[in-house]
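One structure is given here, and the rest of the page talks about it.
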Amino acid sequence: MGAKIRKAILPVAGFGTRVLPATKAVPKEMLAVFDRPAIQYVVDEARAAGIEHIVFVTGRNKSAIEDYFDVAYELEESLRQKNKTAQLEDLKPTRLEAGAASFVRQQYPNGLGHAVWCARDIIGDEPFALLLPDMIMVPDSGAPGCLEAMMDVHAAHGGNVIGVSAVAPEFAHQYGIVAVGAKKTQGFEIADMVEKPAIGTAPSNLYINGRYILQPQIFNILETQERGAGGEIQLTDGMHKLMAQQTFHGVEFQGRVYDCGDKIGYLRATAALALANGGFSADARAALAEELAIAAARAGS
Ligand code: UTP
């Protein structure tokens, strides 16, 4: 039912203040999560779900992202001359095909809704995916990626689709939470959504996890939207308005979500992705166990 989703927006213009000082001169999205920048995992997820074109909404100090997804001619030539084929292979997913990426500037981080609106001309009049690049999704064994699962629900129901994950009820007030309506064979109708509900009032334990499929009418809404919480143009406010006109479905992601925009989330992601990396998993496990034992011994002495 839903038209094919070809384009995805990855907003990367935020200041990353929760992970300062690491993000003073290096974009948050370029911090290495084990052996590759956080954003590589998210681009991989988008492409695995069939995305053909990525629109990066960037800002000043973010040019490393554009360079990272380009060809690195001197480096690659040097690796070729030295027959370093494994390293050349490692670089393959970092090269986006010519013309398959666009970069648009958000001159000041005025909020996620504003960042999305900055991509309006490049997206045009078609539904699109939105992936927050500081959220890394690791599917359970055999489960599809988060966006891939959402694509199926969009194909079945059309409209807007939001990725959700379960959160312990005592933390629900820190997130955007959805109210669950009618269950469908795939996913469920979203009856409402509440940004950071007061403690004890959350309509469910399912939070909006950073993956969206949205209809282009969101751009008209964001265009005239007033500033919301924090003086920023909030995407949730815009989606709330769009709910009056269009359907929203939720899909619960089968896997782990790591928020790399938070210091402990970033630490967890680094450990988890090292442990999940076939070639390094045993060594990573031994190294982490040893560090934990050393830290415990120091704390006890
Ligand atoms: P976050 O709120 O997690 O990112 O936005 P932030 O603003 O960088 O984080 P803190 O609170 O200062 O630590 C989610 C994503 O949206 C982008 C961010 O770069 C991040 O990837 N974003 C956010 C923008 O591109 N523009 C904005 O105005 C806000």
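Let me make sure I get this right: for region 135-193, a, b and c are the square roots of the gyration tensor eigenvalues over alpha carbons, sorted descending. Under 1.5 in a/c it's rounded, otherwise prolate if a/b > b/c, else oblate. Which is it? Taking the square roots of the gyration eigenvalues as a ≥ b ≥ c, region 135-193 is oblate.
Over 20 Å apart at the Cα level, from the set Lys28/Lys62; Lys4/Lys92; Lys28/Lys196, are Lys4/Lys92; Lys28/Lys196. With the convex hull constructed from alpha-carbon coordinates only, region 255-301 shows a mean projected area of 3.9 nm² over all directions. Among the protein heavy atoms of region 72-142, carbon and sulfur supply 49% of the accessible surface, probe 1.4 Å, non-protein parts ignored. Straight Cα distances below 13 angstrom link Lys241 to the aspartates and glutamates Asp192, Glu223, Glu226, with same-chain residues fewer than 8 positions distant left out. Taken about its Cα centre, region 1-109 carries a charge dipole of about 380 debye when Lys and Arg each add +1 at the Cβ and Asp and Glu each add -1 at the Cβ. Contact order for the chain, expressed relative to its length and based on alpha carbon pairs under 8 Å spaced 6+ residues apart, stands at 22 percent.
Packing order of peptides 78-85, 109-116, highest average first: 109-116, 78-85 (average count of other Cβ atoms within 10 Å over each peptide's residues). Cα-based values for region 168-234, radius of gyration first and Dmax second, are 13.7, 39 Å. Taken over region 1-57, the convex hull of the Cα atoms encloses 100 Å³ per residue. Taking the charge dipole of the chain about its Cα centre, with +1 at Lys and Arg Cβ atoms and -1 at Asp and Glu Cβ atoms, the residue from Thr247, Tyr207, Ala297 reaching farthest to the positive side is Ala297.
Solvent exposure of region 214-301, expressed per residue, is 59 Å² of accessible area, with all protein chains present and a 1.4 angstrom probe. Distance distribution P(r), region 205-269, all Cα-Cα pairs, bin width 5 angstrom from 0: 3, 13, 20, 19, 18, 15, 9, 3, 0 percent.
Ligands, DNA and RNA are left out, and with a 1.4 angstrom probe the accessible area of region 132-187 is 41 Å² per residue. Here the chain is treated with +1 on each Lys and Arg Cβ and -1 on each Asp and Glu Cβ, and its dipole about the Cα centre works out to around 300 debye. For the chain, the equivalent ellipsoid derived from the alpha-carbon gyration tensor has semi-axes of 31, 25, 20 Å in decreasing order. Over region 12-164, the hull volume per residue, using the convex hull of the C-alpha atoms, is 145 Å³. Converting the Cα gyration tensor eigenvalues of region 161-301 into ellipsoid dimensions via √(5λ) gives semi-axes, longest first, of 37, 18, 16 Å.
The values are calculated or read from the model by the stated rules, or taken from the named source; none is laboratory data. Nothing here was measured: the structure is a model prediction, and the numbers come from that model. Using ideal geometry, Cβ is built from the backbone for each residue, glycine included, and neighbour counts are taken over all protein chains shown. Just so you know, the surface numbers come from the protein's heavy atoms only, side chains and all, with ligands and any DNA or RNA stripped out. Shrake-Rupley method; radii C 1.70, N 1.55, O 1.52, S 1.80 Å.
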